Amino acid sequence: MNKRTNALADRLEQGARELATLASELSTAEWQVRVPGDGRKIGVIVHHVASVYPIETQLAQTIAAGTPVKGVTADVINDMNAGHATENDAVTKEATLDLLRRNSAAAAAAIRTLKDEDLDRAVPVSLYSDAPLTCQFMLEDHAVRHSYHHLARIQRTLEKTR
């Protein structure tokens, strides 16, 4: 097993576990609290993290294959997130936790299949003004970081409401 990819996958799994632990402890009322500055409900945000692991992993795999990432912009992501929030406004905790477990495990497994040269490969990425970025950067900035980012925002929100 590759040491670097295993470490990345381990960090992704840790973040997903921490997010799942917090989410599983939320009351029904807390699940519905909207995150200031974001506007989405906590439950919708947890579901969002779970639902985008496949997309984030696919982007990294695209880079690993040496294919430039085109058409992914902040506007595209914002539209995708807004659509997700509307479509999943009533998402349940049970369904969300199941999706989080399944998709984080699949993302970690996909990461573990990569080699060092895949992690080091850089191609232009439209989300970053076509800057040449590595597969490892894409993984760290998206799939690995995502649960930690939203976990911190949810924790700050809950501190203010408790």
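The table below lists the values:
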| read-out | value |
| --- | --- |
| Residue that is surrounded by the most Cβ atoms within 10 Å (Cβ to Cβ), among those in the range 1-43 that are closer than 30 Å to residue 117 by Cα and polar (S, T, N, Q) | 5 |
| Leading residue by the ranking (farthest from residue 138 (Cα to Cα)) among those in the range 49-63 that are among the β-branched types (Val, Ile, Thr) and crowded, with 22+ Cβ neighbours inside 10 Å | 49 |
| Evaluation of residue 46 against (1) more than 19 Å from residue 150 (Cα to Cα); (2) among the β-branched types (Val, Ile, Thr); (3) surrounded by 13 or more Cβ atoms within 10 Å (Cβ to Cβ) (one fails), failing number | (1) |
| Scope the range 25-51; condition out of contact with any helix residue (DSSP H, G or I) (no Cβ under 6 Å at 6 or more places or on another chain) and part of a helix (DSSP H, G or I); matching residues | 28, 29, 30, 51 |
| First in the range 6-26 and charged (D, E, K, R), second anywhere and in a helix (DSSP H, G or I), Cβ under 6 Å, 6 or more apart | 11/144; 13/108; 18/151 |
| Those residues of the range 113-138 which are hydroxyl-bearing (Ser, Thr, Tyr) and touching a helix residue (DSSP H, G or I) at 6+ places or on another chain (Cβ under 8 Å), in sequence order | 113, 134 |
| Residue 18 part of a helix (DSSP H, G or I), in contact with a helix residue (DSSP H, G or I) (Cβ under 7 Å, 6 or more places away or on another chain), over 24 Å from residue 108 (Cα atoms) and modelled with pLDDT of 95 or more | no |
| Residue that is more than 30 Å from residue 21 (Cβ to Cβ) and surrounded by 13 or more Cβ atoms within 10 Å (Cβ to Cβ), where the choices are 91, 72, 76 | 72 |
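Table: residues versus (1) surrounded by 16 or more Cβ atoms within 10 Å (Cβ to Cβ); (2) in contact with a strand residue (DSSP E or B) (Cβ under 8 Å, 6 or more places away or on another chain); (3) part of a strand (DSSP E or B).
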residue: 108; (1), (2), (3): yes, no, no
residue: 111; (1), (2), (3): yes, no, no
residue: 117; (1), (2), (3): no, no, no
residue: 124; (1), (2), (3): no, yes, yes
residue: 132; (1), (2), (3): no, yes, yes
residue: 139; (1), (2), (3): yes, no, no
residue: 151; (1), (2), (3): yes, no, no
residue: 155; (1), (2), (3): no, no, no
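The values are calculated or read from the model by the stated rules, or taken from the named source; none is laboratory data. All values derive from a computational prediction rather than experimental measurement. Every residue, glycine among them, receives a Cβ derived from its backbone with ideal geometry; neighbour counts consider all protein chains shown.
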